[in-house]
Amino acid sequence: MSSFWKWTIGVFLVLLVVAFVILSKMAGSPRDAYFMVRYALPHMHRGNLKVGDTAPDASLVALDGSSRFHIRERTGARPLVVIFGSYT
Amino acid sequence: MTQIYNDYKDHADFLTVYVREAHPTDEWQMKSNVKEDVCYAQPKTLAQRVAIANDFIKRYNYPIAFGIDDMSNAANNAYAAWPERIYIIDKDGRIAYRGGMGPFDYKPDEARAWLAARYGTVKHDAPAPAPSTPTASLQ
């Protein structure tokens, strides 16, 4: 293998290690960094909505597990603060 | 968020949208989840997601109106919400505040500032009590 490719691969590996170290510090540990990349990053999206855009609608299920309503049914008379999250 | 809700519920409506789990046992479980006994696998059915949501409501006596994203994750996808995010939709049906993506950019104080700018700052005589177990982003 030519020295150019050896250097290129070497630099790439060093950058990969540095990135993983930084991610480990952000996530809390190397284990958390791995799980962040494996399970969290595929689901994290910045999204395209901007202030001023029409708020999208979506159907939601009530706590009884069967009744449904739409997000936009709750808008209109007053501002609606929408909090997205989960228990874990 | 519960404190913000209590402070501004006379001026604005609040809705919690429950999305896919952030730290289930079969994915990226955090040590804090184990410590606070918040251990659930990622729901594979709507019934499972509904059950976990109800556990949350019961444990924290959560007062804010609640809707659950079904397994198509339509609300989550439409709002790029996962793992946690806050939006404010104004009376005209337009996005008035778009919060950052959690966890690092999830900032309830920004939502409070928006509400305060419109309805005034709510002062407290005593410091707000600390949340009992703040693992859940919804606290």
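The values are calculated or read from the model by the stated rules, or taken from the named source; none is laboratory data. Computed from a predicted model, the values in this text were never measured in an experiment. For neighbour counting, all protein chains shown are included, and Cβ atoms are generated from backbone atoms with ideal geometry for every residue, glycine included.
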### The listed residue being within 16 Å of the chain's Cα centre (by Cα), part of a helix (DSSP H, G or I), polar (S, T, N, Q) and facing chain A (nearest Cβ under 7 Å), out of B:ASN54, B:ASN33
B:ASN54
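Go through the range B:80-92 and give me each residue that's part of a loop (DSSP other than H, G, I, E, B) and surrounded by 14 or more Cβ atoms within 10 Å (Cβ to Cβ).
Kept after step one, since they are part of a loop (DSSP other than H, G, I, E, B), are these residues of the range B:80-92: B:80-84, B:90-92.
B:ALA80, B:ALA81, B:TRP82, B:PRO83, B:GLU84, B:ASP90 - these are the residues of the range B:80-92 that are part of a loop (DSSP other than H, G, I, E, B) and surrounded by 14 or more Cβ atoms within 10 Å (Cβ to Cβ).
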## Note on the structure
The residue that is farthest from A:ASP32 (Cα to Cα), considering only those in the range B:27-43 that are crowded, with 20+ Cβ neighbours inside 10 Å and in contact (Cβ under 8 Å) with a residue 60 or more places away in the chain, is B:VAL38
### Task
Out of the residues in the range A:21-64 that are more than 7 Å from chain B (Cβ to nearest Cβ) and of a type in the set (Val, Ile, Thr), state the one that is nearest to the chain's Cα centre (by Cα).
A:VAL37
#### Entry: Matching residues in the range B:57-70 - criterion: being buried (at least 17 other Cβ atoms within 10 Å of the Cβ), more than 7 Å from chain A (Cβ to nearest Cβ) and part of a helix (DSSP H, G or I)
B:TYR60
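Take the conditions at the interface with chain B (Cβ under 7 Å from one of its Cβ atoms), among the small types (Gly, Ala, Ser), buried (at least 17 other Cβ atoms within 10 Å of the Cβ) and within 24 Å of B:LYS91 (Cα to Cα) and apply them to A:GLY76. Does it pass? First the steps, then the outcome.
Numbers: at the interface with chain B (Cβ under 7 Å from one of its Cβ atoms): yes; among the small types (Gly, Ala, Ser): yes; buried (at least 17 other Cβ atoms within 10 Å of the Cβ): no; within 24 Å of B:LYS91 (Cα to Cα): yes.
So A:GLY76 fails the test.
Do you know which residues across the range B:1-28 are of a type in the set (Asp, Glu) and more than 7 Å from every other protein chain (Cβ to nearest Cβ)?
Passing the criteria: B:ASP7, B:ASP10, B:ASP26.
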### Query
Picking from B:ASN54, B:ASN77, B:ASN73, which residue would you name as being on the phi > 0 side of the Ramachandran plot and either surrounded by 13 or more Cβ atoms within 10 Å (Cβ to Cβ) or at pLDDT below 95 (or both)?
B:ASN73
### Query
When both residues are 6+ apart or on different chains and their Cβ atoms are under 7 Å apart, which pairs have a first residue that lies in the range B:1-19 and is on the phi < 0 side of the Ramachandran plot and part of a helix (DSSP H, G or I), and a second that is at pLDDT 95 or above and of a type in the set (D, E, K, R)?
B:ILE4/B:ARG112
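Conditions tested, residue by residue: (1) aromatic (Phe, Trp, Tyr); (2) within 23 Å of A:ALA40 (Cβ to Cβ).
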| site | (1), (2) |
| --- | --- |
| B:ALA53 | no, yes |
| B:TYR62 | yes, no |
| B:ILE86 | no, yes |
| B:ILE89 | no, no |
| B:ILE95 | no, no |
| B:GLY102 | no, yes |
#### Entry: Selected residue (criterion: modelled with the lowest pLDDT) from residues of the range B:104-139 that are over 21 Å from A:PRO79 (Cα atoms) and surrounded by 13 or more Cβ atoms within 10 Å (Cβ to Cβ)
B:THR133
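Can A:LEU16 be described as outside any helix (DSSP H, G or I) and not β-branched (Val, Ile, Thr)? First the steps, then the outcome.
Values: outside any helix (DSSP H, G or I): no; not β-branched (Val, Ile, Thr): yes.
It is false that A:LEU16 is outside any helix (DSSP H, G or I) and not β-branched (Val, Ile, Thr).
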#### Entry: Selection within the range A:45-61 - without any contact (Cβ under 8 Å) to a residue 12 or more places away in the chain, touching a helix residue (DSSP H, G or I) at 6+ places or on another chain (Cβ under 9 Å) and assigned to a loop (DSSP other than H, G, I, E, B)
A:HIS45, A:GLY47, A:LEU49
### Message
I'm checking my understanding of the structure. Among residues of the range B:36-50 that are assigned to a helix (DSSP H, G or I) and within 17 Å of the chain's Cα centre (by Cα), which one is nearest to the other protein chains (Cβ to nearest Cβ)?
### Response
B:VAL50
### Task
Starting from residues that are under 16 Å from A:MET44 (Cα atoms) and of a type in the set (A, V, I, L, M), keep the ones in the range B:14-30 and report whichever is modelled with the lowest pLDDT.
B:ALA22
